[in-house]
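Report on one structure; see the data block that follows.
The values are calculated or read from the model by the stated rules, or taken from the named source; none is laboratory data. Since the structure is predicted, the reported quantities are computational estimates derived from the model, not experimental observations. Here Cβ is always computed from backbone atoms with ideal geometry, including for glycine, and neighbour counts include all displayed protein chains. Ligands, DNA and RNA are excluded from the accessible area calculation, which covers all protein heavy atoms including side chains. Shrake-Rupley method; radii C 1.70, N 1.55, O 1.52, S 1.80 Å.
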Amino acid sequence: MKKMIQSILKRFRSFFCSPILSYLERQESNRQALLQNMLKFQYKQMVQADMQMPSFEDVGFKTYSEADEDGILHYIFALIGTTNKRLLDIGAAGINISNTANLVINHGWKGLLIEGDLKRVLSARKFYETFPNIRNYPPVVVDKWVTSDNVNQVIMENGFSGDIDLLSIDIDGVDYWIWDAINCMQPRVVIVEYQCIWGPEKSVTVPNSPDFKPEYHGRFGIYSGASLAAFVKLGKRKGYRLVGCSRYGYNAFFIQNGIGEEFFPEIPAKDCFKHPFTHWARKKFLNEIEELEWVEV
């Protein structure tokens with residue numbers, strides 16, 4: 001009897017609640033798009049009036065991102081503009097922690113989203129289908145385990161080589177080696193997740209392995225990724241400068257040299273370690289993973 005009741009309730013929620021929730025999500029998306037476009041217009045007015053522009057700490061907001069990354073990306077592209085509104089998101093993950101969903105849903109960007117978890121891939125495809133404004137041209141969501149050996153092939157097979165506006169990498173793995181390997185496209189802006197527990201000076205990454213899996217030590221102590229200093233070195237070699245980070249100091253933003261220096265000058269890595277979270281995480285988790293295998297770069 002209990003199982004039968006649960007089955008009836010499940011069908012009821014699927015039949016009645018899902019359409020209602022989808023409708024509410026669409027309405028909220030329309031509202032968000034309007035507000036964000038108004039905000040973009042205000043940023044441009046501030047530039048024209050030669051007003052002092054806000055810092056990253058003041059412009060961040062969350063729509064679909066994990067923290068305030070949506071607002072920072074909105075701010076960056078409001079000032080530097082876009083060329084083709086094409087983005088690549090490697091490690092697209094869940095919708096509620098996506099760096100790119102806001103741009104796709106609310107601003108009409110064309111996206112290639114790569115994820116190595118089939119369950120998340122199917123969930124993302126179903127989610128994007130609920131928005132009428134992108135139904136005719138939804139993002140391409142690919143189920144693929146990306147490595148430094150196959151990343152360029154995957155990108156080219158899906159027609160996203162060449163110039164794009166944004167590259168986001170967050171795979172909790174060999175993120176450093178993935179960005180290092182990409183040579184078939186030239187993103188204007190790059191956002192990467194880094195290991196804040198290493199602080200601003202240590203330049204290290206996990207070894208490059210095609211089957212690397214992160215090891216979890218509590219919620220934030222993860223053996224994966226690379227330090228910010230490592231990404232800064234890699235960015236400079238590829239022609240990018242560090243311009244800021246997210247509120248809690250674990251997502252870094254890079255802009256291609258020659259673009260928007262008047263708005264976003266290069267900053268030192270130490271400026272991304274101001275939030276107390278970075279110091280708490282370092283103190284709590286560094287000793288748990290620093291003895292594991294790290295590669296100095």
| field | Rg/Rg_globular for the range 50-109, with Rg_globular taken as 2.2 N^0.38 Å and Rg from C-alpha atoms | value | 1.15
| P(r) histogram, all alpha-carbon pairs of the range 204-297 included - 5 Å bins from 0, percent | 2, 12, 20, 22, 20, 13, 7, 3, 0
| said: Given points 7 Å out from each Cα along the Cα-Cβ axis, report the residue 37 to residue 84 separation in nanometres with one decimal. | reply: 2.4
| message | Computing the accessible area with a 1.4 Å probe over protein heavy atoms, can you report the carbon and sulfur percentage for the chain? | response | 53
| field | Dimensionless Rg/Rh of the range 146-198 - Kirkwood Rh, Rg from C-alpha atoms | value | 0.98
| note | Scoring the chain by relative contact order with C-alpha pairs under 8 Å, at least six apart, yields a percentage of 15
| request: Please give, to one decimal in nm, the separation of the simple spin-label points placed at residue 295 and residue 30, each 7 Å out from Cα toward the Cβ. | output: 5.1
| query | Leaving out ligands, DNA and RNA but keeping every protein chain, what accessible area does residue 176 have, in Å² rounded to the nearest 10, with a 1.4 Å probe? | reply | 20
| the chain, accessible area per residue, ligands and nucleic acids excluded (1.4 Å, Å²) | 51
| query | Based on Cβ point charges of +1 for Lys and Arg and -1 for Asp and Glu, what charge dipole magnitude is obtained for the range 163-297 about its Cα centre, in debye rounded to the nearest 20? | reply | 400
| note | Descending packing, highest mean Cβ count within 10 Å first, for 249-258, 41-50, 146-155 is 249-258, 146-155, 41-50
| message | Sequence gap at least 6, Cα distance under 8 Å: using those rules, report the relative contact order of the range 83-186 to the nearest whole percent. | response | 34
| message | Using C-alpha positions alone, give me the convex hull volume of the chain per residue in cubic angstrom. | response | 150
